[in-house]
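Have a look at the structure that comes next, please.
The values are calculated or read from the model by the stated rules, or taken from the named source; none is laboratory data. Predicted model, so just to flag it, every value in this text is computed and none were measured. Note that we place each Cβ from the backbone using ideal geometry, even for glycine, and neighbour counts take in every protein chain shown. Note: areas computed on protein heavy atoms with side chains; ligands, DNA, RNA excluded. Shrake-Rupley method; radii C 1.70, N 1.55, O 1.52, S 1.80 Å.
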Amino acid sequence: EKGGYPHFMLKEIHEQPRAIRETIAGRISEIDGDVRLSLGISEEEIMSLERVTIIACGTSYHAGMLARNLFVRAAGLPVDVEVASEFLSLQLRPRTLLVGITQSGETADTLLALKKAKTCGGRSLAITNVVGSTVTELVDGTIFTRCGPEIGVAATKTFTSQMVAVILLAIRLGRARGHLTPDQARKMLIELTKLPGLVQRVLEKREEIRKIAEMFAGASCYFFIGRDYLYPISLEGALKMKEIAYIPSEGYAGGELKHGPLALITEKTPVVALATCGKKIQSNIKEVRARGAEVIALATEGDPDIAKVASKVIELPETRPIYSAVLCTVAVQLLAYYTANKLGLPIDKPRNLAKCVTVE
Ligand code: M6R
């Protein structure tokens, strides 16, 4: 049942090229430079949108965070991302599209928040992996990720497919609102079809990542830093490390380090720097190196500068920043997996956690 893998998590990490391909399948029209999604929302309604509010928990919340900068750039729409358990319906504004992200479709906090929000009117969507799940009954339209069941408690393939669903939605909204030209959208979509192959290339780096993970498995605290699209991935990397390797970990926006957490940085705190987009993160790498921290950098292949500042470099294929967030995700999943494996932990069923949280 684990297809020859020692854990479901590792199997599911390796299923990501396929899960992404399935999530894209039949939804791209290269001729029109558009995305086909049945959202249950008219073109006029999309035109008149003023805001998007996303509600989710845990890893799904990180997929929502990815939308924050993406929807502004692709569709000219500001986004609020809310942790479901903290959501107050009063916050919802008019002409707001409500989006619930939940792989199981059954997370109690997410369902409750969506119910509260619905009373304010407006259209709603779900992004979920489970056909027939409760969330699909609460919304006007659903985008299904098509990953097949995920057994490991740690979300892996469902997360990267949620990211792809968020990207498809951004392009659809951007096209409907005239914010993206057909040509711009077409270029993004053509590159998106190449993403499964790039993810495969990251998977082929597993031995390199395993060695690095094992080298730092004794760490008492890990830091993950990233900027822009890579900031949510830094949170996701830290969550994975906490969840399955039980190592206290912090995910930080690179620019926030000097506002407090830098005080924690020592030679005992490895820092994973998500450095595939932009040069600004390099100054953050220097900041932590100056405090003695080892830096594991995820960088674009052939980056001439990164080896000068980082202690270890994992090279990832070059692509657009938004897609490189998916590649960095796969790398941090493998890093957390091999750390937990080295520590001999029960990876598929971490202590105190359930796959689906059906209590508030
Ligand atoms: O089914 P959901 O996407 O609503 O689940 C939300 C969280 O419980 C879930 O993502 C959790 O954080 C994962 N175990 C993280 O790996």
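Filter K240/K312; K116/K194; K258/K342; K194/K268 down to the pairs with a C-alpha to C-alpha distance above 30 Å, please.
K116/K194; K258/K342; K194/K268
Note down the nm distance, to one decimal, between modelled labels 7 Å out along Cα→Cβ at D32 and at E137.
Here the answer is 3.2 nm between the modelled labels.
Could you tell me the center-to-center distance, by alpha carbons, between the stretch 1-49 and the stretch 232-257 in angstrom?
The stretch 1-49 and the stretch 232-257 have Cα centres separated by 25 Å.
Continuing with the same structure: Please compute the Kirkwood hydrodynamic radius over the stretch 290-357, one decimal place, Å, based on all pairs of different Cα atoms.
14.3 Å
Skip the ligands, DNA and RNA, and give the accessible area per residue of the chain with a 1.4 Å probe, whole Å².
40 Å²
Read phi for every residue in the stretch 311-324 and hand back ³J(HN,Hα) as whole Hz from Karplus 6.51 cos²θ - 1.76 cosθ + 1.60, θ = phi - 60°, with x for Gly and Pro.
Once θ is set to phi - 60°, the couplings for the stretch 311-324 become 7, 10, 10, 10, 8, 10, x, 6, 7, 4, x, 5, 7, 5 Hz.
What would the Debye formula give as log10 I(q)/I(0) at q = 0.26 Å⁻¹ for the alpha-carbon point model of the stretch 18-87, no solvent?
-1.21
Using a 7 Å offset from Cα along Cα-Cβ at K211, what residues in the stretch 312-344 end up with backbone N under 15 Å from the label point?
Residues 312-315 qualify, since their backbone N sits under 15 Å from the label point.
How far is it, in nm, from the label point at E45 to the one at E86 when both lie 7 Å from their Cα along the line to the Cβ?
Spacing of the two 7 Å Cα→Cβ label points: 2.9 nm.
Right, next: Using the per-residue mean of other Cβ atoms lying within 10 Å as a proxy for protection, in what order, highest first, do the peptides 240-250, 194-204, 35-45 fall?
So the peptides 240-250, 194-204, 35-45, ranked by packing, come out 240-250, 194-204, 35-45.
Would you mind getting the Kirkwood hydrodynamic radius of the stretch 114-201 from its Cα pairs, rounded to one decimal in Å?
In the stretch 114-201 this quantity evaluates to 15.0 Å.
Among DSSP bridges having both ends in the chain, what percentage is antiparallel? Round to the nearest 5.
So the antiparallel bridges amount to about 5 percent of the total.
What three numbers, in Å, describe the spread of the alpha carbons of the chain along their principal axes, ordered from the longest?
55, 43, 43
Residues in the stretch 283-318, backbone N under 19 Å from the label point at S220 (7 Å along the Cα-to-beta-carbon vector): list them, ranges by number please.
291-295
Based on the Cα atoms of the stretch 33-178, what semi-axes does the equivalent ellipsoid have, where each is the square root of 5 times one gyration tensor eigenvalue, given in whole Å with the largest first?
So the three semi-axes of the stretch 33-178 are 21, 18, 14 Å.
Could the peptides 155-162, 303-310, 338-345 be put in order, highest first, of the mean number of other beta-carbon atoms found within 10 Å of their residues?
155-162, 338-345, 303-310
Once both axes come from the Cα atoms, what is the angle between helix 281-290 and the longest principal axis of the chain, in degrees from 0 to 90, rounded to 10?
Between the helix axis and the principal axis of the chain, the angle is about 30 degrees.
Across the stretch 114-129, in residue order, what do the Karplus-derived ³J(HN,Hα) couplings come to in whole Hz, using 6.51 cos²θ - 1.76 cosθ + 1.60 with θ = phi - 60° and x for Gly and Pro?
Calculated HN-Hα couplings, in order: 5, 5, 4, 5, 4, 5, 7, x, x, 8, 9, 9, 10, 10, 8, 9 Hz.
Calculate what fraction, in whole %, of the accessible area of the chain sits on carbon and sulfur atoms when a 1.4 Å probe is rolled over the protein chains.
51 percent
So, one more: How far, in degrees from 0 to 90, does helix 206-215 lean away from the longest principal axis of the Cα atoms of the chain, to the nearest 10?
60 degrees
Mind pulling the angle between the C-alpha long axis of helix 182-203 and the longest principal axis of the chain? Nearest 10 degrees, somewhere in 0 to 90.
40 degrees
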